[in-house]
1. Of all residues in segment 306-320, which are assigned to a helix (DSSP H, G or I) and without any contact (Cβ under 8 Å) to a residue 24 or more places away in the chain?
2. Give the residues of segment 269-279 that are under 10 Å from the mean Cα position of the chain (by Cα), hydrophobic (A, V, I, L, M, F, W, C) and either surrounded by fewer than 24 Cβ atoms within 10 Å (Cβ to Cβ) or over 19 Å from Ala64 (Cβ atoms) (or both), sorted by residue number.
3. If you check Phe124, Phe135, which single one turns out to be assigned to a loop (DSSP other than H, G, I, E, B) and of a type in the set (Phe, Trp, Tyr)?
4. For the structure I just gave you, tell me whether Leu303 is on the phi < 0 side of the Ramachandran plot, surrounded by 15 or more Cβ atoms within 10 Å (Cβ to Cβ) and of a type in the set (A, V, I, L, M).
5. I need a count of the residues in segment 233-262 that are assigned to a loop (DSSP other than H, G, I, E, B) and in contact with an Asp or Glu (Cβ under 9 Å, 6 or more places away or on another chain).
6. Mind counting the residues in segment 20-75 that are part of a loop (DSSP other than H, G, I, E, B) and more than 24 Å from Leu303 (Cβ to Cβ)?
7. Ala21 passes all but one of (1) within 21 Å of Gly100 (Cα to Cα); (2) surrounded by fewer than 23 Cβ atoms within 10 Å (Cβ to Cβ); (3) within 16 Å of the ligand (Cβ to nearest atom); which number fails?
8. Looking only at segment 103-118, decide whether some residue is more than 29 Å from Gly42 (Cβ to Cβ) and assigned to a strand (DSSP E or B).
Amino acid sequence: MSKTFDIAVFHGDGIGPEIMAPTLDLLRGLDHDFEFHDCPAGAASFLDCGSDLPEATLDTARRADAILLSALGDPAVRKPDGTELIPQVDLRIALDLYAGVRPVRIVPGMKTPLALPMGKSVDFVLIRESTEGLFHTQGRGTVTDDMAEETLRLTRRTTEKVCRFAFDLAAERKAAGHAGRVTSVDKANVFRAFAFWRGIFDEVAGDYPDLTADHAYVDAMALWFVIRPWDWDVMVTENMFGDILSDLGAGLMGGLGMAPSADIGDDHAVFQPCHGTAPDIAGRGLANPVAMILSAGMMLDWLGRKHGNDALVRDAARIEASVDACLAAGETTGDLGGALDTTGAAAAVMARL
Ligand code: ATP
């Protein structure tokens, strides 16, 4: 009998529920055995029970085979100290999701600001370490009248794991025709911590003689993202550098509505669009569901590879191909210049599936 996959579902706030509903319909339409478990979290949950990540939700997430999350939080709902709710970040720490996977793929129909030369295509993956780096003292930094201080921490354990993750991904991609190259994005010329990072990256690279390993400084990489984005395959970088570069990557794809992501650890994984809850367009049917749908596709790919289920991997590729076909045909929401609403855009992808 085929395995039932338990999926923890965070419907979220703002446009979250609007993009999650058609994504679940799409998954239900595939020939797999999914059981979806609702996980209250975020602003609605905070108002309801005083917690944006209740213990019961965390338990459900821990027990699940995978976690599908739309977007959480609402700038108007804040903690007593005035900070915004960021349960998705707390979830990364609680489940040790060290590898933030941010694919950047430009296909016809996207509103990329780039003019790509003939014959050049952009398809790379940025791996953002997601549990330490400059986020180490997040919420605990020291602030006095005269100074403010945060601490960047890199551990050997996590740096090694995230680098190994990047090389494993590059090996998988090489088998599918990509370059087989991993680039460490750091600032090793200025900071000792990044020389430490680079040393570990080089050690891990030694275990992958069939792949190319090289380095780039983060400031140069920001430039190269824009002037020769077709040059890259897999990149791995520190948390804050990755935070910034992944939004730049979304910009290359024409905006956040197109950018999927995964946050992966040894035992758990969360799949969610890069964008936030977009309160400015919530409840109006304007939200682009594509980043959410592509994130669900990444979940199928991850589950399929983890459990040796080729049908899941194939369906992940079919979802991506269906999205590409919709984009090329202009079957999109208004942010991409199309005339469809959220439900219509999701239905177009389902029809092509
Ligand atoms: P957060 O801080 O929660 O990441 P943010 O402040 O970066 O959120 P988003 O909620 O991601 O902001 O929205 C940024 C802009 O992009 C808004 O104008 C929003 O309407 C738009 N946007 C975000 N997601 C989508 C989407 N799926 N479809 C269309 N527009 C979107």
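The values are calculated or read from the model by the stated rules, or taken from the named source; none is laboratory data. Fair warning: this is a prediction, and the values are worked out from it, not measured in the lab. Counting neighbours? That spans all protein chains shown, and the Cβs are built from the backbone with ideal geometry, glycine included. We work out accessible area using only protein heavy atoms, side chains counted, and drop any ligands, DNA or RNA first. Shrake-Rupley method; radii C 1.70, N 1.55, O 1.52, S 1.80 Å.
1. Lys306, Asp310, Val313, Arg314, Ala316, Ala317
2. Cys274
3. Details: Phe124 fails: assigned to a loop (DSSP other than H, G, I, E, B).
Residue meeting the stated conditions: Phe135.
4. yes
5. Counting residues in segment 233-262 that are assigned to a loop (DSSP other than H, G, I, E, B) and in contact with an Asp or Glu (Cβ under 9 Å, 6 or more places away or on another chain) gives 5.
6. 7
7. Result: Ala21 passes all but (1).
8. The answer is no; no qualifying residue exists.
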